[in-house]
Amino acid sequence: MPITELALLHLTPGTTLSSPTLRANLSHAKTVLQNYTNRTFYYMQQISDPSCIYVVGEWESLDQHMNDFIPSADNQALLESLKDYITVDSNLEHLDVPNAELPLPRSEEELERARRGEQVWSITHYTIKAGKREAFEVQIREMKEKLEDGVGGGWCVGKNEGEDDVFVTLFAWRTVAEYELFGKGKEREASAYTGECVERNDVKHVRLLDI
């Protein structure tokens with residue numbers, strides 16, 4: 001089953017996305033990733049902290065990404081080209097869900113709207129209480145049915161022994177105005193719906209980068 005990569009990049013102090021070299025290197029990196037996997041990759045920028053950039057993409061398996069691509073010469077060359085501009089968060093996440101089940105832009109019309117900044121996504125990490133994973137799975141299914149379209153998610157996989165179970169959701173809002181009107185309420189509703197199983201949750205809001 002395909003998995004989704006959710007990697008967090010940090011722009012180095014003083015670096016902005018207005019840098020033509022950085023944008024060109026990120027664009028090249030995305031091309032390499034897409035050619036390697038034959039799948040679509042996205043860059044998303046955190047709204048509250050624009051120095052945080054997410055890579056969202058799909059791999060055939062965890063093994064393909066971690067054991068085939070990461071040690072490869074292609075990846076080492078990409079890291080070298082970006083080393084003066086970004087650092088990669090050590091907590092590299094993979095979700096047991098294909099991109100097709102996540103609310104990502106696919107058609108050219110959807111992509112164009114997102115590039116213009118007319119769409120916002122919420123990325124929410126739910127840390128699950130010990131022994132509550134199965135109960136949370138029931139609740140998250142019911143929550144997705146209740147909230148209808150625009151939400152998807154999966155479990156973090158490849159974690160170390162003893163680490164907490166973490167479930168990550170993506171909410172998609174058709175417009176920024178829609179999020180301002182309804183988004184925060186839906187997030188509160190989701191948190192209330194799953195609250196008895198959740199130790200804590202962390203919500204970040206992102207926009208698609210036109211790279």
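The numbers here are math on the coordinates, done by the rules we state, and not lab data. No experiment lies behind these values; they were computed from the predicted model shown. Glycine also receives a Cβ, built like all others from the backbone with ideal geometry; neighbour counts cover every protein chain displayed.
The table below gives the values:
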| item | result |
| --- | --- |
| Reachable aspartates and glutamates, given that their alpha-carbon falls under 19 Å from the alpha-carbon of K159 and they are not under 8 places away in the same chain | E5, E58, E60, D63, D68, D89, E93, D96, E134, E137, E199, D202 |
| Net charge, N91 excluded, C-beta distance under 14 Å - Lys, Arg +1, Asp, Glu -1 | -4 |
| Extension gain from S48 to D96, taking 0.36 nm per residue of separation minus the Cα-Cα distance | 14.6 nm |
| Across K83/K204; K144/K204; K30/K83, pairs whose alpha-carbon gap is larger than 23 Å | K83/K204 |
| S18 versus T87: modelled label distance in nm, points set 7 Å from Cα along the beta carbon direction | 2.4 |
| FRET E, pair A77, E112, Förster distance 25 Å, beta-carbon r, rounded to 0.05 | 0.20 |
| Two-decimal log10 I(q)/I(0) for the chain, as the Debye equation yields it once each C-alpha is a single scatterer, q = 0.09, 0.12 Å⁻¹ | -0.36, -0.64 |
| Gain in span if fully extended, K132 to T40, counting 0.36 nm per residue against the direct Cα distance | 29.8 nm |
| Helical contribution to [θ] at 222 nm, DSSP H n ≥ 4, -39,500 (n - 2.57), averaged over the chain, rounded to 500 | -9000 deg cm²/dmol |
| Histogram of C-alpha separations across the stretch 3-95, 10 Å bin width, % | 16, 54, 27, 3 |
